[in-house]
Amino acid sequence: MTPRQRHPATQATDSLASPTSRDVSIGPLTWSRLPHSRPPLLVVLLGLAAWVSLTAGTELRAADPVLRRTVPQGVTRGGETDLVLEGERLDDAQEVFFYKPGITVQSVTAEAANRVKLRLSIAPDCALGDIGLRLRTATGISNLITLSVGSLPIVDETEPNGKPEEAQGIPWNVTVHGVVLNEDVDYFRIDGK
């Protein structure tokens, strides 16, 4: 080899190190990229797979119904009652699942996109405490929320009752259903005879 001749491997290395090329690294993968060249197929496929996995789940979850609360938040066992589910994307409601036996759904009526009315029958021997429930719609199954089942009759809180002189009279052995809003103070009066 004469001093003017260069080894073929050296020529290839020199051409990659020219000012018109650059090295590109993604994690452990590195390749030299010349202007107007394309990245290796493996990198393109990995990027596409990552994009699909990140966006596919988001689109599917966007159609699922979301439950926020029940009104009232509890029911009494041994009778029939109306219950309202509030949330988002509830207008195509079809069925309600309870995670413990003792509650039978008699009717499911979608009143609006954020409200579903249920007619329930609660067995006399239904388990006391919180029972998980989910709503099935035509587009998916909701998140899990709970409904409280008690043995005492339910009395709704009535407003105004924010001052002692406005205290709501309630009988013994009842559960009071109400909502506490932003530092709300409620007064109740119980006959102590």
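The values are calculated or read from the model by the stated rules, or taken from the named source; none is laboratory data. None of the values given here were measured: they were computed from a predicted structure. Using ideal geometry, Cβ is built from the backbone for each residue, glycine included, and neighbour counts are taken over all protein chains shown. Protein only, heavy atoms only, side chains kept; ligands, DNA and RNA dropped before computing areas. Shrake-Rupley method; radii C 1.70, N 1.55, O 1.52, S 1.80 Å.
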Condition check for Glu111: free of Cβ contacts under 8 Å to residues at least 60 places away in the same chain and surrounded by 12 or more Cβ atoms within 10 Å (Cβ to Cβ):
yes
Name the single residue, out of those in the range 122-145 being hydroxyl-bearing (Ser, Thr, Tyr) and surrounded by 15 or more Cβ atoms within 10 Å (Cβ to Cβ), that is nearest to Pro171 (Cα to Cα).
Ser142
Criterion violated by Pro72 - all others in (1) touching a Lys or Arg at 6+ places or on another chain (Cβ under 6 Å); (2) surrounded by 17 or more Cβ atoms within 10 Å (Cβ to Cβ) satisfied
(1)
Residue under evaluation Asn182, criteria (1) open to solvent by 40 Å² or more (accessible area, probe 1.4 Å); (2) at negative phi, criterion not met
(2)
(1) touching a Lys or Arg at 6+ places or on another chain (Cβ under 7 Å); (2) open to solvent by less than 60 Å² (accessible area, probe 1.4 Å); (3) among the hydroxyl-bearing types (Ser, Thr, Tyr) all hold for Ser151 apart from (2)
Can you find a residue in the range 166-189 that is under 13 Å from Leu85 (Cβ atoms), among the β-branched types (Val, Ile, Thr) and in contact with a Lys or Arg (Cβ under 9 Å, 6 or more places away or on another chain)?
no
Failed criterion for Thr158 (all others in (1) closer than 30 Å to Val185 by Cα; (2) touching a Leu at 6+ places or on another chain (Cβ under 6 Å) hold):
(2)
